[in-house]
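Student: To start, I am sharing the structure in question, which I have written as structure tokens.
The values are calculated or read from the model by the stated rules, or taken from the named source; none is laboratory data. All of these numbers come straight from a predicted model, not from anything done at the bench. Every residue, glycine as well, gets a Cβ built from its backbone with ideal geometry; the counts of neighbours run over all protein chains shown. Each accessible area value is taken on the protein alone, full model and side chains, heavy atoms only, with ligands, DNA and RNA left out. Shrake-Rupley method; radii C 1.70, N 1.55, O 1.52, S 1.80 Å.
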Amino acid sequence: VDIGCHLAGLHLSSCILNASGPRTNTEQQLLEIARSSAGAVCSKSATLEERSGNDQPRYTEIQLGDRTSSINSEGLPNKGFAAYTEASLLRRLRESAEPAGKPYILSISGLSLQENLRMLDLLLESGSVEHLSAVEVNVACPNVPGKPLVGYDFPQFEAVLKEISAHPVFTANPTLALGFKLPPYLDAPLFDAVAGMLNPLAKSKGGVLGYVVCCNTLGSALAVDVETETTVLHPKGGFGGLGGPVVRYLAMGNVSHFRSRLDESIHVVGCGGVCTGEDAFAHILCGATAVQVATQHRVEGPTCFYRIAEELKDLMRRKGYKRLEDFRGKLKVRG
Ligand code: RRO
């Protein structure tokens with residue numbers, strides 16, 4: 001069976017890849033993903049300058065049975081844009097990639113539209129762009145003090161979508177894919193409104209938008225320690241982004257809602273609570289082209305990509321499916 005996929009013009013030998021965030025900060029961590037069975041390597045969201053992130057404690061795990069969810073308020077710790085685009089990192093990623101040609105996705109999360117545009121300007125000027133497969137713009141970080149989530153502020157979101165997708169780095173490099181990492185939405189009119197902003201940017205309409213990721217963590221989660229009667233996390237009054245199996249149902253709902261509303265040329269990447277091959281299968285059934293793994297990658301390490309891929313293949317064999325197209329988006333509503 002073949003679990004490869006074509007995502008926004010990129011070929012992934014496995015549809016299971018890492019999400020931006022966990023274990024994506026350092027060169028060593030990115031190289032480990034390159035050597036793993038992950039179908040692509042996705043960086044930590046970059047800002048123009050290096051950031052150390054919020055004060056500790058800023059991450060906690062929630063155990064339900066044998067499954068681990070998480071709440072984080074990392075605050076965008078990253079090595080800075082230059083570190084994720086420097087020629088030596090990109091060369092080492094190419095040399096380590098197994099199989100060769102594994103795509104490298106740069107995630108960016110500037111603290112303003114200007115900062116995102118500035119990073120795209122630098123990319124356009126740099127020789128690195130030819131070795132980069134995609135830029136994934138994160139409009140959904142819930143953890144930077146004083147910065148409301150762009151994906152929930154529709155007037156601002158629309159301006160961001162328009163200006164970023166009009167950036168010459170994408171017209172000058174037609175094979176460079178553009179994706180947006182979205183926050184979770186919770187009501188049908190919101191899916192309609194966001195799809196209405198995304199569809200005019202589709203390649204079939206002459207635009208450059210290749211994919212969206214559904215979704216980033218669910219913000220405003222609060223972990224409480226009953227013994228100390230305090231919050232578990234310190235930053236931002238203890239609030240953080242909820243991820244892992246507890247948000248999988250919400251993530252799959254977002255995948256399905258967007259798949260049914262978006263132009264076919266805009267792919268949907270599922271992200272939320274994928275721990276097993278069955279979880280990946282369910283996301284794909286909802287319409288996901290590929291599936292990202294975040295909390296489980298943090299908990300288990302990069303061997304998770306091999307395990308999940310093998311579990312997905314076993315399940316497909318049992319069902320008689322040979323490729324993802326045999327079941328992608330074919331979820332039936334129960335009669
Ligand atoms: O670094 C973070 O606090 C963070 C980011 Br940028 C994000 O997009 N999502 C998240 O849960 N945490």
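Student: Glu86 versus (1) more than 16 Å from Arg298 (Cα to Cα); (2) away from the ligand (no atom under 12 Å from the Cβ); (3) open to solvent by less than 30 Å² (accessible area, probe 1.4 Å): which is the lone unmet condition?
Tutor: (3)
Student: Out of the residues in region 95-112 that are open to solvent by 30 Å² or more (accessible area, probe 1.4 Å) and touching a residue at least 40 places away in the same chain (Cβ under 8 Å), which is nearest to the chain's Cα centre (by Cα)? It would help to see each step written out before you state the result.
Tutor: Going through region 95-112, the residues open to solvent by 30 Å² or more (accessible area, probe 1.4 Å) turn out to be 95, 98-101, 111-112.
The next check asks that each one be touching a residue at least 40 places away in the same chain (Cβ under 8 Å); those that pass are 98-99, 101, 111.
On the way: Glu98: 21, Pro99: 21, Gly101: 20, Leu111: 18 Å.
For region 95-112, the residue satisfying everything is Leu111.
Student: For Ile284, only one of the following conditions fails: (1) part of a helix (DSSP H, G or I); (2) among the hydrophobic types (A, V, I, L, M, F, W, C); (3) surrounded by fewer than 15 Cβ atoms within 10 Å (Cβ to Cβ). What is its number?
Tutor: With respect to (1) part of a helix (DSSP H, G or I); (2) among the hydrophobic types (A, V, I, L, M, F, W, C); (3) surrounded by fewer than 15 Cβ atoms within 10 Å (Cβ to Cβ), Ile284 is out only on (3).
Student: Do we find a residue being touching a residue at least 60 places away in the same chain (Cβ under 8 Å), within 16 Å of the ligand (Cβ to nearest atom), open to solvent by less than 50 Å² (accessible area, probe 1.4 Å) and touching a strand residue (DSSP E or B) at 6+ places or on another chain (Cβ under 7 Å) anywhere in region 221-231?
Tutor: Among the residues of region 221-231, at least one is touching a residue at least 60 places away in the same chain (Cβ under 8 Å), within 16 Å of the ligand (Cβ to nearest atom), open to solvent by less than 50 Å² (accessible area, probe 1.4 Å) and touching a strand residue (DSSP E or B) at 6+ places or on another chain (Cβ under 7 Å), which makes the answer yes.
Student: Testing Gly244 on (1) farther than 23 Å from Cys5 by Cβ; (2) away from the ligand (no atom under 16 Å from the Cβ); (3) in contact (Cβ under 8 Å) with a residue 24 or more places away in the chain, one condition comes back false. Which one is that?
Tutor: The failed condition is (2).
Student: Look through region 135-151, keep the residues that are over 19 Å from Ala19 (Cα atoms) and away from the ligand (no atom under 13 Å from the Cβ), and return whichever of them is surrounded by the most Cβ atoms within 10 Å (Cβ to Cβ).
Tutor: Pro148
Student: Among (1) part of a loop (DSSP other than H, G, I, E, B); (2) without any contact (Cβ under 8 Å) to a residue 60 or more places away in the chain; (3) touching a strand residue (DSSP E or B) at 6+ places or on another chain (Cβ under 8 Å), where does Ser37 come up short?
Tutor: (2)
Student: A further question on this structure: Give Glu49, Glu32, Glu61 a once-over and let me know the one that is touching a strand residue (DSSP E or B) at 6+ places or on another chain (Cβ under 6 Å), open to solvent by 60 Å² or more (accessible area, probe 1.4 Å) and over 18 Å from Val129 (Cα atoms). Step through it out loud before you land on a result.
Tutor: Details: Glu49 fails: touching a strand residue (DSSP E or B) at 6+ places or on another chain (Cβ under 6 Å); Glu32 fails: touching a strand residue (DSSP E or B) at 6+ places or on another chain (Cβ under 6 Å).
Of Glu49, Glu32, Glu61, the one residue that is touching a strand residue (DSSP E or B) at 6+ places or on another chain (Cβ under 6 Å), open to solvent by 60 Å² or more (accessible area, probe 1.4 Å) and over 18 Å from Val129 (Cα atoms) is Glu61.
Student: So in region 5-21, with the set limited to residues that are in a loop (DSSP other than H, G, I, E, B) and in contact with a Cys (Cβ under 7 Å, 6 or more places away or on another chain), which one is surrounded by the fewest Cβ atoms within 10 Å (Cβ to Cβ)?
Tutor: Here the residue is Ser20.
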